[in-house]
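Visitor: Dumping the structure here so I can ask a few things about it.
The values are calculated or read from the model by the stated rules, or taken from the named source; none is laboratory data. These figures come from a predicted structure and were not determined experimentally. Using ideal geometry, Cβ is built from the backbone for each residue, glycine included, and neighbour counts are taken over all protein chains shown. Side chains included, ligands, DNA and RNA excluded: accessible areas come from the protein's heavy atoms. Shrake-Rupley method; radii C 1.70, N 1.55, O 1.52, S 1.80 Å.
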Amino acid sequence: MRRAEIDSQNRYLLKRQRDYRLAADIIARAWMTFPEVQAVAVIGSVAKPLWKEVPRFREFRRRGIEVWHECSDLDMALWIDSQERLGELRKVCSRALREAFEAGAGMSVPDNEVDVFLFEPRSNRYLGRLCKFNQCPKGKFDCLTPGCGAIHFNKVVPGFAPRADLLAPAEYAMLYERGVGLLRSALDLPTVEGD
């Protein structure tokens, strides 16, 4: 495998992280208009400096070639003190991403690549996930999970329990807090290990 191919893959993976971070900023700005939104953070691998690893891609894996970690979706934490307008929060997220793309923001992140974890303010108690479907219930297999849709657009993931470190990135990747405003841009977070 040529060095140019490895470099090209690394550039693609860095751009993917950047696109997700730009999307996180766009979503945070859209959600801060909701009074029930108390805080927004980017979490998961998008919040962390990327590290080198042998990826899932066969041509790299077979040869043991390391490239930057692949961010496969955008994980966000949303602290809310009311779940009455989860459907509106979902719509605003989708609309903000679409409008940013159409305005030439330089990224294309579809709303189905955004995974939103809901939390209770102050206690950090996990409440569920923001559903991606356009109606609740949608009649899909996911909707059959016990408790799913008991609160409209609050998705229950069977067997999911948040890891103790799920919110660890929020300590340095909090984008917005009610009463303070925007704290930082996700684009300002360190990109790779050693930044």
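Visitor: Determine which residues of region 17-31 fall in the zone a paramagnetic label at residue 53 would reach in this model, i.e. backbone nitrogen under 18 Å from the point 7 Å along Cα→Cβ.
Guide: Counting only backbone N, you get 17-18, 20-21.
Visitor: Then there is this: Taking the dipole about the Cα centre of the chain, with the C-beta of Lys and Arg at +1 and of Asp and Glu at -1, give me whichever of 144, 126, 169 is farthest to the positive side.
Guide: Comparing the listed Cα positions along the dipole, 144 ranks first.
Visitor: Still on this structure, I have one more. Efficiency by 1/(1 + (r/R0)^6): what FRET value for residue 73 and residue 124, r their Cβ-Cβ distance, R0 = 25 Å, to the nearest 0.05?
Guide: 0.70
Visitor: Calculate what fraction, in whole %, of the accessible area of region 1-119 sits on carbon and sulfur atoms when a 1.4 Å probe is rolled over the protein chains.
Guide: That share works out to 46 percent.
Visitor: Lysine pairs, Cα distance under 29 Å, 8 or more residues apart or cross-chain: how many in the chain?
Guide: Here the count comes out as 15.
Visitor: Between residue 102 and residue 145, what is the FRET efficiency for a Förster distance of 45 Å, r being their Cβ-Cβ separation, to the nearest 0.05?
Guide: 0.85
Visitor: Shape call for region 94-182 from the C-alpha gyration tensor, a ≥ b ≥ c root eigenvalues: rounded (a/c under 1.5), prolate (a/b greater than b/c) or oblate?
Guide: Oblate is the answer for region 94-182, as a/c is 1.5 or above yet b/c matches or exceeds a/b.
Visitor: Taking the Cα centre of region 40-100 as origin, sum charge times position over the Cβ atoms of Lys and Arg (+1) and Asp and Glu (-1), and report the length of that vector in debye to the nearest 20.
Guide: 360
Visitor: Run the dipole for region 19-148 about the Cα centre, Lys and Arg Cβ at +1, Asp and Glu Cβ at -1, nothing else charged, and hand back the magnitude in debye, nearest 20.
Guide: 360
Visitor: What's the percent breakdown of Cα-Cα distances in the chain across 10 Å bins, shortest bin first?
Guide: 9, 33, 34, 19, 5, 0
Visitor: Continuing with the same structure: Mind checking the per residue accessible area of region 66-128 for me, 1.4 Å probe, whole number of Å²?
Guide: Result: 48 Å² of accessible area for each residue.
Visitor: Same structure again: Of 96, 12, 44, which is farthest on the positive side of the dipole of region 7-97, counting Cα position, with +1 on Lys and Arg Cβ, -1 on Asp and Glu Cβ, and the Cα centre as origin?
Guide: In region 7-97, that residue is 12.
Visitor: Moving to a separate point now. When the dipole is taken about the Cα centre of region 1-49, and only Lys, Arg (+1) and Asp, Glu (-1) are charged at their Cβ, what size is it in debye, to the nearest 20?
Guide: So the dipole magnitude of region 1-49 works out to roughly 300 debye.
Visitor: Which of the peptides 63-69, 103-109, 1-7 is most tightly packed, and how do the rest follow, going by the mean number of other Cβ atoms within 10 Å of each residue?
Guide: Descending packing order for the listed peptides: 63-69, 103-109, 1-7.
Visitor: Please figure out what share of the DSSP beta bridges in the chain is antiparallel and state it in percent, rounded to the nearest 5.
Guide: Roughly 70 percent of the DSSP beta bridges within the chain come out antiparallel.
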